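> One structure, as structure tokens, below. Some questions next.
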């Protein structure tokens, strides 16, 4: 097993096998800086976490390989062929169709015996990608706590990833041409969280339950970053949210106000949260209301467009609906106290 330091990749996929496949396949890119209708001139339950500021992304996922079917099916052009693990120096195959993820931990059987978690360190995963065989290595496994991704007292980076949850670093290629499958994140490096039995539509942002599926959620992308911020549907020791609430958190990370996959932010914009789930609360001075959010809808009101700081004068036109303005901070607080909204995001004034 080769371990490489956390560092940004200078060239996406370089000249390695996945590059020749164009495995930006499943990366249906999120829209950057879409036109905003009716934008005027710039003017201006208690949780455990500090609520920010933390940094968002407009990219829904940054993995070269976002999801696989564990039962031999093809998903988005990818078929899992085999996984082999190191058994005291001998590479042995994980039993067919036994692979799964439970509360973020990889599990499987070898000759009928269950293995999980750190037993997969150094495992090699082989896929057929649109007719070409490629492999990646699981080079590092850590708990979130050991990786420094859980610190509820850190009000700046919002490190709320369940401390018992495992995070994974995958790579492919051989030294010196090793490439990690996730893009680099300034807080989390190239780490990923794994989700069991969900599927993410990278076009419209919908997240649904899907049996026999593993989703690779790079923390540099919104699907992984939502868990970093405390919102995951399968936390091992901290409160979990439902899949619908998880989808809403991913939309909030991306400023997907309309709930249709369109992002109104840029990588690195700051935001804070309050929520109904006893996970985060606002603490930052100098932040003002961006939006209130509800599952199945997206934003129910918008005061600021995160990417620009602009204020919608007559609301935000989504095509099929117009999102109203939230109004003053006092009015927003009153609506929050009386409404069914579930997330309240703020951005710098």
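The values are calculated or read from the model by the stated rules, or taken from the named source; none is laboratory data. If you're wondering where the values come from, they're calculated on a predicted model, not measured in any experiment. When we count neighbours, we look across all protein chains shown, and the Cβ atoms used for this are built from the backbone with ideal geometry, even at glycine.
> Anything in the stretch 324-349 that is in a loop (DSSP other than H, G, I, E, B) and under 23 Å from residue 242 (Cα atoms)? List them, or say none.
339, 340, 341, 342, listed by residue number.
> Shifting gears a bit: Which of the following residues is in contact with a strand residue (DSSP E or B) (Cβ under 7 Å, 6 or more places away or on another chain) and either assigned by TED's automatic domain parsing to the domain that holds residue 317 or assigned to a loop (DSSP other than H, G, I, E, B) (or both): 296, 259, 224?
259
> Still on this structure, I have one more. For residue 249, all conditions in the list (1) in contact with a helix residue (DSSP H, G or I) (Cβ under 6 Å, 6 or more places away or on another chain); (2) part of a loop (DSSP other than H, G, I, E, B) hold save one; what is the number of the exception?
The single condition residue 249 does not satisfy is (2).
> Okay, moving on. Which residue is modelled with the highest pLDDT, if the candidates are limited to the stretch 184-198 and must be within 12 Å of the chain's Cα centre (by Cα) and not in a strand (DSSP E or B)?
Checked the stretch 184-198; the qualifying residue modelled with the highest pLDDT is 191.
> Among the candidates 105, 132, 74, 90, single out the residue that is under 17 Å from residue 212 (Cβ atoms) and out of contact with any strand residue (DSSP E or B) (no Cβ under 6 Å at 6 or more places or on another chain).
Answer to the selection: 74.
> While we're here: Of the residues that sit in the stretch 113-143 and are modelled with pLDDT under 95 and in a loop (DSSP other than H, G, I, E, B), which one is farthest from the chain's Cα centre (by Cα)?
Only one residue fits best here, namely 131.
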